[in-house]
Amino acid sequence: MMRIVLALVFAVAMGATATASIVQFSVGGTPTDGSVPIEVVPSDWLQIGIYVTPDFPLETYQIDFYETGPWVDPEPLPKVPDQDLGPAGTGDVQFPAPWDPGLSDAKWDPDFFVWSIGGFVSGTELFQGPGDVATFMVHIPDVSESTTLNLEFDFAELTAPGQYDDAATFYPLRLHVGVAPEPATLGLLALGGLAALRRRFA
């Protein structure tokens, strides 16, 4: 609540107008709206991106997200308070141009239980978009049965001189981890089907 209040105060102070930016996840550089789960397999590796379609060229951003589903720590990213997850830290978050890796950062926020990624452009070049503002590698856990893993956005703040947007449209990420039945399980299913047919025609 305090974060929302501060954001509103900042927006009023800048005399900002309402905008319609879009913040979503990408997989391998392709944005997804979460309407259809993306099929993955256990122990797979994926490049996940924070994909932004801005309503105006951006100078800075802060985007928070969290996970739901049976992710296995430390996936999708480590939860170590006050530890940088950027290129110079312990994680693998990358900031493509024009975002400056030396000024941008990614951390776990233990107060809000989210990963918080913030970016600043290099020099005077603004981010025109659409495109990834940050990327990171995710390891799919080795689950024993099919399940769904999700990433959800919690907050976004997109800024430029005289511009401010904290009301972007968010889209989640849905990953369906498919696990094929073991041969023994398939055999039992087949025997069960044969037994049902015998009873039916007996």
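Among (1) assigned to a loop (DSSP other than H, G, I, E, B); (2) buried (at least 20 other Cβ atoms within 10 Å of the Cβ); (3) modelled with pLDDT of 90 or more, there is one condition K107 misses while meeting the rest; what is its number? The single condition K107 does not satisfy is (1). Examine region 32-55 for a residue that is in a loop (DSSP other than H, G, I, E, B), of a type outside the set (S, T, Y), over 19 Å from the mean Cα position of the chain (by Cα) and modelled with pLDDT of 90 or more, and state whether such a residue exists. Taking every residue of region 32-55 in turn, at least one turns out to be in a loop (DSSP other than H, G, I, E, B), of a type outside the set (S, T, Y), over 19 Å from the mean Cα position of the chain (by Cα) and modelled with pLDDT of 90 or more.
Take F95 and decide whether it is surrounded by 19 or more Cβ atoms within 10 Å (Cβ to Cβ) and in contact with a Pro (Cβ under 8 Å, 6 or more places away or on another chain).
yes
With a requirement of 3 or more residues that are hydrophobic (A, V, I, L, M, F, W, C) and surrounded by fewer than 18 Cβ atoms within 10 Å (Cβ to Cβ), none of the strands (runs of 3 or more DSSP E) lying completely within region 118-172 satisfies it. Scan region 56-75 for residues that are closer than 23 Å to E145 by Cβ and assigned to a strand (DSSP E or B) and the total you get is 2.
Restricting attention to region 124-154, the residues that are out of contact with any Phe, Trp or Tyr (no Cβ under 8 Å at 6 or more places or on another chain) and of a type outside the set (S, T, N, Q) total 7.
When we screen G119, G102 for residues that are of a type outside the set (A, V, I, L, M) and modelled with pLDDT of 95 or more, the only hit is G119.
The values are calculated or read from the model by the stated rules, or taken from the named source; none is laboratory data. Predicted model, so just to flag it, every value in this text is computed and none were measured. Neighbour counts are summed over all protein chains in view; Cβ atoms, including those assigned to glycine, are modelled from backbone coordinates with ideal geometry.
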